[in-house]
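The values are calculated or read from the model by the stated rules, or taken from the named source; none is laboratory data. On a predicted model such as this, the values are computed, not experimentally measured, just so you know. Note that we place each Cβ from the backbone using ideal geometry, even for glycine, and neighbour counts take in every protein chain shown. Quick note on the areas: whole protein, heavy atoms, side chains included, nothing else; ligands and nucleic acids left out. Shrake-Rupley method; radii C 1.70, N 1.55, O 1.52, S 1.80 Å.
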Amino acid sequence: MNSWTVNDKPTLASPSPGEEPAPTRLHLKLVIALEPLLAVLLIVVDLVKVVMLGLPRLASEIYSIFVPRAKKNVRGQLAVITGGGNGLGRALAHQLAARGARLVLVDIDLAAAERVCEELKQEHGVSAWAYRVDVSRYEDCRQLAEHIERDGCGPVDILVNNAGLILFGFINECSVERAATVVDVNVKSHIWMTKVFLDGMIERKRGHIVGVSSMSGMYAFPWGGIYSATKFAVCGLMASLSEQLRIQGHSKYVKTTCVNPYYVATRKDVVEFLQKPRFSPLTVEQAGREIAAGILREDVVVTVPRLFGVFTRLML
């Protein structure tokens, strides 16, 4: 007789060829079900990190608004300002001259620079010189340094790279010639002027380099992509220079300041283009006053209005 073995335990059917085992399918369903929850948890963790890292900087910025640092004395020091014949450059020249600084104004418009020099002499009683320089050309910047020394202006203590051009329009709509000019002036001028005067500041163990960028160098400016790109470049250059001086051991006596003002009503076409901005454009006097105060505090980054910097510290 044949003997039969009876097994009361149920047996799992073997998966057909190409079919995943049941436990694997269950695992995949569980992962898919939990994926949205995991994404939310990761977002919450990132937010907590941002808050924890940003709160000390935020608190420091708010504290500095109400309890500002002491301002340095610039009386007798020589400040070079590019684009000093008009607008923001002129306003900064008056602010520094009011504190006793001597001025060298550099501009492609020599007549405008000379007019401002006369204003400084009459209103503040300081020495002032004007030079016509194309700051987008290295050779012109190098020759400027020679002229400053030849004319007995003195060593440069403060360099304010302020010269800049505005270009509105989408990238594909801008002419190649105009775009090239804007890039040359807005970016190369900062590089060449810094290159010409930085070594002297390091040798004398005294100096301050200021780069005027823009809020458009911190946040996207879609209807002015080329202009915005140049201002992002200035922010990057100033951040890199600040770190270079730190690792080289010069940051204690050669300072840097990157300036990021909101739109300044320097020209009629700027005001007309903005039409109805979210915030009112800054007056030249307001911007010059706040920027000069930031330079005198030796702030590494200056935003105008200053309250914008509180949110910037948290976001960047």
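Would you please name the residue that is nearest to residue 282 (Cα to Cα), looking only at residues in region 215-242 that are of a type in the set (S, T, N, Q), modelled with pLDDT of 95 or more and open to solvent by less than 40 Å² (accessible area, probe 1.4 Å)?
230
For residues that are more than 19 Å from residue 88 (Cα to Cα) and at pLDDT 95 or above, tally how many sit in region 154-175.
3
Report yes if residue 163 is surrounded by fewer than 20 Cβ atoms within 10 Å (Cβ to Cβ), within 20 Å of the chain's Cα centre (by Cα) and more than 20 Å from residue 298 (Cα to Cα), otherwise no.
In short, no.
Report, ordered by the first and then the second residue, all pairs with beta carbons closer than 6 Å, sequence separation of six or more or different chains, a first member in region 125-142 that is buried (at least 19 other Cβ atoms within 10 Å of the Cβ), and a second member that is modelled with pLDDT of 95 or more and of a type in the set (S, T, N, Q).
135/82; 135/189; 136/189
Give the number of residues within region 206-237 that are over 23 Å from residue 133 (Cα atoms) and in a helix (DSSP H, G or I).
Matching residues across region 206-237 total 10.
Is there any pair linking a residue in region 145-159 that is without any contact (Cβ under 8 Å) to a residue 40 or more places away in the chain to one that is open to solvent by 30 Å² or more (accessible area, probe 1.4 Å) and outside any loop (DSSP other than H, G, I, E, B), with Cβ under 9 Å and at least six apart or on different chains, and which?
So the pair list comes out as 147/129; 151/129.
Among the residues of region 168-206, write down those that are more than 19 Å from residue 240 (Cβ to Cβ) and buried (at least 20 other Cβ atoms within 10 Å of the Cβ).
Of everything in region 168-206, those that are more than 19 Å from residue 240 (Cβ to Cβ) and buried (at least 20 other Cβ atoms within 10 Å of the Cβ) turn out to be 182, 185.
Hey, does region 247-254 have a residue that's open to solvent by less than 30 Å² (accessible area, probe 1.4 Å), of a type outside the set (S, T, N, Q) and assigned to a helix (DSSP H, G or I)?
There is no residue in region 247-254 that is open to solvent by less than 30 Å² (accessible area, probe 1.4 Å), of a type outside the set (S, T, N, Q) and assigned to a helix (DSSP H, G or I).
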